[in-house]
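Input: a single structure, listed below in structure tokens.
Only the coordinates and a few stated rules stand behind these numbers; no lab work does. In this text the structure is predicted, and so the values were computed from the model without any measurement. All Cβ positions, even for glycine, are placed from backbone atoms using ideal geometry, and neighbour counts span all protein chains on display.
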Amino acid sequence: MSCTTVLVGKRASNDGSTMIARTDDGRFDVKKMVVVEPKDQPRKYKSVISHAVVELPEEPLRYTACPNVDPKKEGIWAATGINAANVGMTATETITSNPRVLSADPLVKYEKANGRKKEVPGGLGEEDFVVLVLPYIRSAREGVLRLAGLLEKYGTYESNGIAFNDRDEIWWMETIGGHHWMARKVPDEAVVLAPNQFGMDSFDLEDAFGEQKAHLCSADLREFIAENHLDCNQNSGWKNNRNTARPSSANQGNIWNSVSNAVQTVAGNQDKAWNPRDVFGSRGDSDHIYNTPRAWHMGRYLASRSLRWDGADPRLTPESDDLPWCLVPDRKVAVEDVIYLLSAHYQGTDFDPYIHRDTGKRGMYRSIGINRTGVTSICQIRPEGLCGVEWVAFGSTTFSAFVPVYPNVPRLPAYLSKVTEDVSTENLYWSSRLLDALSDMAYGETIREVERYHSAVLIGGRRRLLETDRRMAAICPDPVKAGPEEAAELEKIALAANADICQMAKEETTKALGTILQKASEKMRNGFKLSDN
């Protein structure tokens, strides 16, 4: 499934929070947002796509999820959520690989029964990961390790990028073939941009096989690389011997470990670090149309002063193969910046599909905000108080608004959770889809109303979060230490706040939908008046 991911470290954000965000770009999948209570979590899980069966631990945590409305079609596809331990997860960013990797460790595909041949279950994938991992972890690092165990046991049928966050850390994990994997702790000062490609452009294997401070990987990854002649780095310092394959001491340094110097090093010194993207990733012509332009546009927004993205002599272009996996932004990043990135369509460039002039470049690259997005969420884990907040939008992010909710509650408002396959303006999913289609048809006439709508929902949502945070802090400054009575009161306040936020969002969406419907109606081609003649 094609998606776009943005990860924001705690010292890169404006409020000290960690953020993991992703557009879930499917096939116009009908989505909802729900809370899964421990009693509703299965103890034996069977994948619809691969038929893999997984026994699950007892005592799962409560968590939010954004599943498909009809799980019988292709499974749950829970997509993203935050659990009761304030750990977030988003899965997955479909990524690319290359024939060398996929032949050495093939993807684990489901095989149907045929005559005397029995059915062969496949591996696990995007359909399954959130349900199998999020209810059982209490930190971002634990998320990597639990999923790693599942990958090594069952394998996967696709190439995946997965993110986890807690109050202190973000971990990004990428699969390698059917069973191998690697993961990096996102530098606290950095933002990661992931557009459907194998992303990591440096990795410290000595740390991964030593202290494991910021790097984790499959136990046999060094041997896997050496035995299959996968290393393509010109100056990697590797020896092609299964027992000694490791980076040389001259190349131990990771250019992103000293993140304060990242904006200076990315443009000129990237070849000094071992680059797993060259080893495990792709470099195809389609990447330059579908994937890398998205990273370019996001990087251009975040570090426009620090790096040369365009102009007469750009260092980084929409089709560059060495766009940075992460960078230090020119200024602190807020939720509104992440929303802007994930709703982008190359504004301010000749590639914008909505620009009036046509220089021959209009719409030539795949936008981030795309028509077939099912759901987009930002899992924000703040440094204090009732720290988890989940921002959710349905449909095309170019036009849909993001609504914040507190996830540590037993249920979510019907406006988010009661969605059916029937079109209705009684829920945010279908209202957003209607608003998207109408706005796209009359972009010039409706974009100001879309911007007003986005601003109104953000202002209304943020104001309610601020007021609710203050009320909660007055009851208990640290909800982790809350007693039973205090916890019950905090939950009651969070439920009321979510209801109020969703009622506000419903009113603003209905208002915007009415205005946009009128604007789009006026643009209908069959309009005719006697006074026109």
Inset, instruction - Keeping to pairs on different chains or 8 or more places apart, tell me how many lysine pairs in the stretch 417-523 have Cα atoms under 24 Å apart. - result: 8
Inset, instruction - Starting from the Cα gyration tensor of the stretch 1-119, take the square roots of the eigenvalues, sort them a ≥ b ≥ c, and report rounded, prolate or oblate (rounded when a/c is under 1.5, otherwise prolate if a/b is larger than b/c, else oblate). - result: oblate
Legend entry - Sequence-distant residues sharing a close amide H with T94 (under 5 Å, placed H): C3, G161
Legend entry - Amide H contacts of W181 (H built 1.01 Å from N, under 5 Å, at least 5 apart or other chain): I176, S218
Legend entry - Proximal lysines to K117, defined as alpha-carbon separation beneath 16 angstrom and excluding residues fewer than eight positions away on the same chain: K109
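Using only helices, what value at 222 nm comes out for the chain when you add -39,500 (n - 2.57) per DSSP H run of length 4 or more and divide by the total residues, to the nearest 500 deg cm²/dmol? Intermediate results must be reported in sequence, preceding the final value.
On the way: 15 runs with 163 residues, N = 533.
Estimated from H runs of four or more residues: -9000 deg cm²/dmol.
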Inset, instruction - With θ set to phi - 60°, apply the Karplus curve 6.51 cos²θ - 1.76 cosθ + 1.60 along the stretch 524-531 and write out the HN-Hα couplings as whole Hz, x wherever there is a Gly or Pro. - result: 4, 6, 8, x, 7, 10, 4, 6
Legend entry - Positive dipole terminus of the chain, leading residue within Y63, F528, S432 (C-beta point charges): F528
Inset, instruction - Determine ³J(HN,Hα), in whole Hz, for all residues of the stretch 9-14 in sequence, where each value follows from phi through the Karplus function 6.51 cos²θ - 1.76 cosθ + 1.60 and θ = phi - 60°; x replaces Gly and Pro. - result: x, 5, 8, 9, 8, 6
Legend entry - Point-to-point label distance, D440-A312, nm (Cα→Cβ direction, 7 Å offset): 4.0
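May I ask you to list the GluC sites (Glu not before Pro) in the stretch 287-393 that are in a DSSP loop and have at most 16 other Cβ atoms within 10 Å of their Cβ?
When the GluC sites (Glu not before Pro) of the stretch 287-393 are filtered for loop state and at most 16 Cβ neighbours within 10 Å, E319, E384 remain.
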Legend entry - Inter-label distance, nm, simple model (7 Å from Cα along the C-beta direction), Q503/I447: 3.6
Legend entry - Mean Cα-pair separation over length for the chain, i.e. relative contact order, pairs under 8 Å, 6 or more apart, %: 16
Inset, instruction - Calculate, in nm to one decimal, what E119 and D330 gain on full extension: separation in residues at 0.36 nm each, minus their alpha carbon distance. - result: 70.6 nm
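Estimate the FRET efficiency between L145 and E486 by the formula 1/(1 + (r/R0)^6), using the beta-carbon distance for r and 22 Å for R0, to the nearest 0.05. Show your work: numbers first, answer last.
Numbers: r = 32 Å, r/R0 = 1.48.
E between L145 and E486, to the nearest 0.05, is 0.10.
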Inset, instruction - Excluding residues fewer than 8 places away in the same chain, name every one of the aspartates and glutamates whose C-alpha is closer than 20 Å to that of K153. - result: E55, E58, D105, E111, E119, E126, E127, D128, E142, E174, D220, E223
Legend entry - Model label zone, D15; criterion: amide N under 15 Å from point 7 Å along Cα-to-beta-carbon; scope the stretch 387-424: 387-392, 402-408
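About its Cα centre, how strong a charge dipole does the chain have in debye, to the nearest 20, once Lys and Arg get +1 and Asp and Glu get -1 at the Cβ?
The calculation lands at about 520 debye.
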Legend entry - Most to least packed among 128-136, 45-53 [average Cβ atoms within 10 Å]: 128-136, 45-53
Legend entry - Tensor-based shape of the stretch 62-200 (alpha-carbon gyration tensor, a/c under 1.5 rounded, otherwise prolate or oblate): oblate
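Can you tell me the order of 420-431, 57-68 when each peptide is scored by its average per-residue count of other Cβ atoms within 10 angstrom, highest first? Before the final figure, lay out the partial values.
Details: 420-431: 17.2, 57-68: 19.8.
In decreasing order of mean packing, 420-431, 57-68 become 57-68, 420-431.
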Legend entry - A52 long-range amide H proximity, modeled H, under 5 Å: S47, G122
Inset, instruction - Pop out the ³J(HN,Hα) list for the stretch 201-206 in order, Karplus 6.51 cos²θ - 1.76 cosθ + 1.60 with θ = phi - 60°, rounded to Hz; leave Gly and Pro as x. - result: 10, 7, 7, 9, 5, 5
